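Step one of this worksheet: look at the structure below.
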Amino acid sequence: MRPEFASDANHTILQLDDVGKTFRSDAGADVTALASVDLTIRQGEFVTLVGATGCGKTTLLDLAAGITEPSAGHLRRGSGVRLGQSVAYVFQHYTLFPWRTTLTNVAFGLQMRGIGRRQARTCAMELLARVGLAGFEKGRPHELSGGMRQRAAIAQALAIEPVLLLMDEPFGAVDDATRAELQRMLVDLWQDRGMTILFVTHNIDEAILLGTRVVVFGGPPGRVVRQFDIDLPRPRDRNMKPFTNLFLDVRQALAGGLD
Ligand SMILES: Nc1ncnc2c1ncn2[C@@H]1O[C@H](COP(=O)(O)OP(=O)(O)O)[C@@H](O)[C@H]1O
Ligand SMILES: [Mg+2]
């Protein structure tokens, strides 16, 4: 855990009060993506946000990342949560530079932070090993499988040692076995590093398997319908009764939140 947060487990990382976001579409009509979202995320939480397509999940992550600004309400980042320095974003579709090797993709982010080339490469090698890509440093993105590209994207995100890691359906496009491996790896990384994660998915099972808290999103326009604290022991067994009960509760909350 980072020293500045070590003494305060209740440190707020991100707080949204009554946040709304309206886009003006090409046709000139307004699209309200988010309406009146209240959400607080604290240091060390692994918050999973589950909701149907189009309910504003990506918009919420973009706001958290500072890519867009709220149209209404207030968004506050905790002290120590600095855009471009300690907030990392793993997008839904991988964003590695296609012409760079896996190693230089990851090292690039470090060099952008002023770390020398040699040290950046050493650190990138370590990160790639940590995400299971040792031996693939010289591959280019198109030579990697979908799961490996997401591993590389996670290594790239970790390179900045994020306080807050934002993830937008990062395992949405991989097969079930790969997804299970990536989920396990992410929980390990979260436990090792004491970072805070906001993870978006439309998969209820994934939300319960990973999160310390599941935020059920409804809409459009997007809003928080319900929240569930998940205190099941890890590794979680999706066949256990408490898991299946939660699954049904979340599914019901999701169905209730659809317009
Ligand atoms: N840049 C944009 N311009 C106009 N409309 C947008 C923009 N981004 C998102 N939207 C609209 O906002 C709504 C929510 O989108 P999004 O946040 O991508 O949902 P989700 O990620 O849950 O599928 C959708 O109706 C989408 O069309
Ligand atoms: Mg989305």
At q = 0.11, 0.15 Å⁻¹, what is the base-10 log of I(q)/I(0) for the chain according to the Debye formula with one equal point scatterer per Cα and no solvent? Please give it to two decimals. -0.61, -1.13
Please report, in whole Å, how far the alpha carbons of the stretch 97-160 spread along each principal axis, starting with the longest. 30, 23, 18
With the stretch 145-208 reduced to its Cα atoms and the Debye formula applied, log10 I(q)/I(0) at q = 0.16, 0.26, 0.27 1/Å amounts to -0.49, -1.36, -1.45
Could you run the Karplus curve 6.51 cos²θ - 1.76 cosθ + 1.60 with θ = phi - 60° over the stretch 166-171 and give me ³J(HN,Hα) per residue in whole Hz, x for Gly and Pro? 9, 9, 10, 6, x, 10
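Roughly speaking, to the nearest percent, how much of the chain's 1.4 Å accessible area is carbon and sulfur?
50 percent
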At what distance in angstrom do the alpha carbon centres of the stretch 110-134 and the stretch 189-213 lie from each other? 24 Å
For the chain, longest principal axis from Cα atoms; helix 241-256 axis from its Cα atoms; angle between them, nearest 10 degrees, is 60 degrees
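Using the C-alpha atoms of the stretch 100-225, what convex hull volume per residue, in cubic angstrom, is computed?
That works out to 125 Å³ per residue.
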Check: the stretch 46-174 dipole with +1 on Lys, Arg Cβ and -1 on Asp, Glu Cβ, in debye: 420 debye
Magnitude of the Cβ-charge dipole (Lys and Arg +1, Asp and Glu -1) of the chain about the Cα centre, nearest 20 debye, reported as 780 debye
Rounded to the nearest 5, what % of DSSP beta bridges with both residues in the chain are antiparallel? 50 percent
Could you state the accessible area per residue of the stretch 97-160 in Å², with a 1.4 Å probe and every protein chain left in place? 50 Å²
Calculate how steeply helix 102-112 sits against the longest principal axis of the alpha-carbon atoms of the chain, using the helix alpha-carbon long axis, and give the answer as 0 to 90 degrees to the nearest 10. 80 degrees
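Over the stretch 189-246, give the accessible area per residue in Å² for a 1.4 Å probe, as an integer. Let's see the in-between values first.
Values: 2570 Å² over 58 residues.
On a per-residue basis, 44 Å².
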Of all stretches in the chain that avoid trypsin sites (Lys or Arg not before Pro) placed in a DSSP loop and having at most 14 other Cβ atoms within 10 Å, the longest is 139-237
The relative contact order of the stretch 97-160, taking Cα pairs under 8 Å that sit 6 or more residues apart, comes to a percentage of 47 percent
log10 of Debye I(q)/I(0), alpha-carbon scatterers only, for the stretch 5-96 at 0.10, 0.23 Å⁻¹: -0.29, -1.33
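The values are calculated or read from the model by the stated rules, or taken from the named source; none is laboratory data. The shown structure was predicted, so the numbers you read here are calculated from the model rather than taken from an experiment. Neighbour counts run over all protein chains shown; Cβ positions are idealised from the backbone, glycine included. Surface areas here come from the heavy atoms of the whole protein model, side chains and all, with no ligands, DNA or RNA. Shrake-Rupley method; radii C 1.70, N 1.55, O 1.52, S 1.80 Å.
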